There are 2 protein chains.
Amino acid sequence: MEMAIEEARKAASRGSVPVGALVVSGSQIISSAGNEVIKNSDPTAHAEIIAIRRACRLRNSHILDGCDMYVTLEPCPMCAQAISLARIRRLYFGAYDPKYGGIEHGARIFEHAPHKTEIIGGVLATRCAKILKNFFENKRN
Amino acid sequence: MEMAIEEARKAASRGSVPVGALVVSGSQIISSAGNEVIKNSDPTAHAEIIAIRRACRLRNSHILDGCDMYVTLEPCPMCAQAISLARIRRLYFGAYDPKYGGIEHGARIFEHAPHKTEIIGGVLATRCAKILKNFFENKRN
């Protein structure tokens, strides 16, 4: 999660909403990414989607069997469904997102998704949330 | 919808699940795409996601204000959320998808989504469904 936080920090330095994500297989990092929505003019360029697409490209496969994901914020429904479609084994996420989250809130994707990823929420949640809080506070100032 | 069906047919001829999507602005087609999951080794490469990303690239914007989408099948939750994030004004979809759909079924994304796209389902539904049915029947033979 430390490395996902580092990706979130890099996103913030580019002026993007600071969310970072990693795809790992055992102790090996397959891919990492930060949010690029504004930079890429792409509403689907959330950290999770970019990390999944990069990992799939490297593996030459549309599924990531046996891989886990770390992400600093509770994924939105788009990303949660992509995590299920990629058959990610286990998802560790940081801060909870009562407004836009799609796992413990709102659409609760894994209550309906075909592949049931194991979910561990709230990992280093305070630190993950603080990066977002600082980012939006700075934007308002 | 005729052109979205044509994109679905092209996807079938590539061996991909035949779903096609278009982004339009008034009478102008901005982008079109078919499913490319297998061809691109990308679980996020549904027709809707590709069409949205192409339209955003052309408009140099992460939002598609005033644009509508046509798609041959009820979008899954990933695509439904992407449609909301892109602020698509109106979505016309063809066949209903009780198993994987995320609009009238399952996660019912627009009950939670921040941007409420107007939804018109069941457009040329029988023809849109037939392409999928034929595809999966041929696969079984």
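The values are calculated or read from the model by the stated rules, or taken from the named source; none is laboratory data. The model shown is predicted, which means the values in this text are computed figures rather than measured ones. Every residue, glycine among them, receives a Cβ derived from its backbone with ideal geometry; neighbour counts consider all protein chains shown. What goes into the accessible areas is simple: the full protein's heavy atoms, side chains included, and nothing from ligands, DNA or RNA. Shrake-Rupley method; radii C 1.70, N 1.55, O 1.52, S 1.80 Å.
Restricting to region A:27-38, name every residue that is out of contact with any helix residue (DSSP H, G or I) (no Cβ under 9 Å at 6 or more places or on another chain) and in contact (Cβ under 8 Å) with a residue 12 or more places away in the chain.
First, the residues of region A:27-38 that are out of contact with any helix residue (DSSP H, G or I) (no Cβ under 9 Å at 6 or more places or on another chain): A:27-28, A:38.
Correct list: A:Ile38 only.
Sort out which residues of region B:54-75 are surrounded by fewer than 17 Cβ atoms within 10 Å (Cβ to Cβ) and more than 13 Å from chain A (Cβ to nearest Cβ), and write them in order of number.
Matches in region B:54-75: B:Gly66 only.
Could you identify the single residue in B:Ile5, B:Ile50 that is among the hydrophobic types (A, V, I, L, M, F, W, C), free of Cβ contacts under 8 Å to residues at least 40 places away in the same chain and either within 22 Å of A:Arg57 (Cα to Cα) or away from every other protein chain (no Cβ under 14 Å) (or both)? Spell out how you get there, then give the answer.
On the way: B:Ile5 fails: free of Cβ contacts under 8 Å to residues at least 40 places away in the same chain.
Residue meeting the stated conditions: B:Ile50.
Can you name the condition, by its number, that A:Ala33 falls short on among (1) farther than 23 Å from B:Ser84 by Cα; (2) hydrophobic (A, V, I, L, M, F, W, C); (3) in contact with a strand residue (DSSP E or B) (Cβ under 9 Å, 6 or more places away or on another chain); (4) not in a helix (DSSP H, G or I)?
Checking A:Ala33 against (1) farther than 23 Å from B:Ser84 by Cα; (2) hydrophobic (A, V, I, L, M, F, W, C); (3) in contact with a strand residue (DSSP E or B) (Cβ under 9 Å, 6 or more places away or on another chain); (4) not in a helix (DSSP H, G or I), the one that fails is (1).
Can you give me the ranges of the strands (runs of 3 or more DSSP E) entirely in region B:59-126 with at least 1 residues that are at pLDDT 95 or above and hydroxyl-bearing (Ser, Thr, Tyr)?
Values: elements: B:68-73, B:90-95, B:118-120.
In region B:59-126, B:68-73, B:90-95 are the strands (runs of 3 or more DSSP E) which contain 1 or more residues that are at pLDDT 95 or above and hydroxyl-bearing (Ser, Thr, Tyr).
Please count how many residues of region B:36-53 are touching a Cys at 6+ places or on another chain (Cβ under 9 Å) and in a helix (DSSP H, G or I).
5
Within region B:82-94, can you find the residues that are within 11 Å of chain A (Cβ to nearest Cβ) and either open to solvent by less than 10 Å² (accessible area, probe 1.4 Å) or under 21 Å from B:Lys10 (Cα atoms) (or both)? If you could, list the steps in order and put the result at the bottom.
Step one: of region B:82-94, the residues within 11 Å of chain A (Cβ to nearest Cβ) are B:82-88.
B:Ala82, B:Ile83, B:Ser84, B:Ala86, B:Ile88, listed by residue number.
Would you pick out the residues in region B:1-23 that are buried (at least 24 other Cβ atoms within 10 Å of the Cβ) and among the hydrophobic types (A, V, I, L, M, F, W, C)?
Once the filter is applied, which keeps residues that are buried (at least 24 other Cβ atoms within 10 Å of the Cβ) and among the hydrophobic types (A, V, I, L, M, F, W, C), region B:1-23 yields B:Ala4, B:Ala8, B:Ala11, B:Val19, B:Ala21, B:Leu22, B:Val23.
Filter region A:32-47 down to the residues that are of a type in the set (S, T, N, Q) and surrounded by 24 or more Cβ atoms within 10 Å (Cβ to Cβ), then identify the one that is farthest from the other protein chains (Cβ to nearest Cβ).
Start the filter on region A:32-47 by keeping residues that are of a type in the set (S, T, N, Q), which leaves A:32, A:35, A:40-41, A:44.
From the residues that got through so far, the ones that are surrounded by 24 or more Cβ atoms within 10 Å (Cβ to Cβ) too are A:35, A:44.
Numbers: A:Asn35: 11, A:Thr44: 5 Å.
Top of the filtered list is A:Asn35.
Inspect all residues belonging to region A:95-117 and state whether any of them is over 19 Å from B:Pro77 (Cα atoms) and surrounded by fewer than 23 Cβ atoms within 10 Å (Cβ to Cβ).
Yes, there is a match, as at least one residue in region A:95-117 is over 19 Å from B:Pro77 (Cα atoms) and surrounded by fewer than 23 Cβ atoms within 10 Å (Cβ to Cβ).
Return the residues of region B:127-136 that are open to solvent by less than 70 Å² (accessible area, probe 1.4 Å) and either in a loop (DSSP other than H, G, I, E, B) or of a type outside the set (Gly, Ala, Ser) (or both); say none if nothing qualifies.
Initial filter on region B:127-136 (open to solvent by less than 70 Å² (accessible area, probe 1.4 Å)): B:128-129, B:131-132, B:134-135.
Answer for region B:127-136, where residues must be open to solvent by less than 70 Å² (accessible area, probe 1.4 Å) and either in a loop (DSSP other than H, G, I, E, B) or of a type outside the set (Gly, Ala, Ser) (or both): B:Cys128, B:Ile131, B:Leu132, B:Asn134, B:Phe135.
Being of a type in the set (Gly, Ala, Ser) and in contact with a Ser or Thr (Cβ under 9 Å, 6 or more places away or on another chain) narrows it down to one of B:Ala82, B:Ala107, so name that one. Walk me through it before giving the result.
Details: B:Ala107 fails: in contact with a Ser or Thr (Cβ under 9 Å, 6 or more places away or on another chain).
Exactly one of B:Ala82, B:Ala107 is of a type in the set (Gly, Ala, Ser) and in contact with a Ser or Thr (Cβ under 9 Å, 6 or more places away or on another chain), namely B:Ala82.
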